[in-house]
Amino acid sequence: MSGAAITESPVVIALGRLILLLMLLALAAIISAAMAIQYAFGELPCPLCLLQRVAMFGVCFGIIQQLRNGTSERSTGLSLIFTILLLVISVRQTLLDLFPRPGHEYIGSAIFGIHMPVWSVLIAMALLLGFAVKLALFGGSHAVPETEGKRMSRFIQGLCIYVIVICAINFLSVVLQCGFGECHTSGYKLL
């Protein structure tokens, strides 16, 4: 049995898509939770936190492209670039705040004892692992299977629309926080 025959199996394609779907679902939940904490508790994200969200949205859009038309490796590359960007930004912020100093400690409250920049490092590592497992076990590009059920197809489409909506809401809240200039660590308020 050749390797090409194994990778084109409908089960293998479905499992690869399932990994992408779970990654997108997890990212949507993480961004939604961050936005809920922002609005419910008034914890405005710092500029580096906003950049981390941008990187997460970039990963989401790469995954959306993979789910919509999985025949190109460009979408995997796009997701990986934004995952590495997330890792770089979050490691930088974690190192900046490693030793809290007066007036410049971690911004926001901890979740399970861990602050968002450290969570972002863990999220980026999990994403890199997820992409590596998907590529190693299930290969690269595959056409969207025709056997995918209508329910699954609608769920994927609904999740993609949800991610686009939370991205738009996030963009609008950043414009309200910072205007069209650069955001500063202090002095900006959500209207």
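Readers should treat all values here as calculations from the given coordinates under stated rules, not as data from a laboratory. Predicted model, so just to flag it, every value in this text is computed and none were measured.
List of remarks:
- The stretch 56-62 - phi-based ³J(HN,Hα) in whole Hz, Karplus 6.51/-1.76/1.60, Gly and Pro as x: 5, 5, x, 4, 4, 5, x
- For the stretch 159-169, the Karplus equation 6.51 cos²θ - 1.76 cosθ + 1.60, evaluated at θ = phi - 60°, returns couplings of 5, 4, 5, 4, 4, 5, 5, 5, 5, 5, 4 Hz by residue, with Gly and Pro reported as x.
- Residue-by-residue Karplus 3J(HN,Hα) for the stretch 123-131, coefficients 6.51, -1.76, 1.60, Hz, glycine and proline x: 5, 4, 5, 5, 5, 4, 5, x, 5
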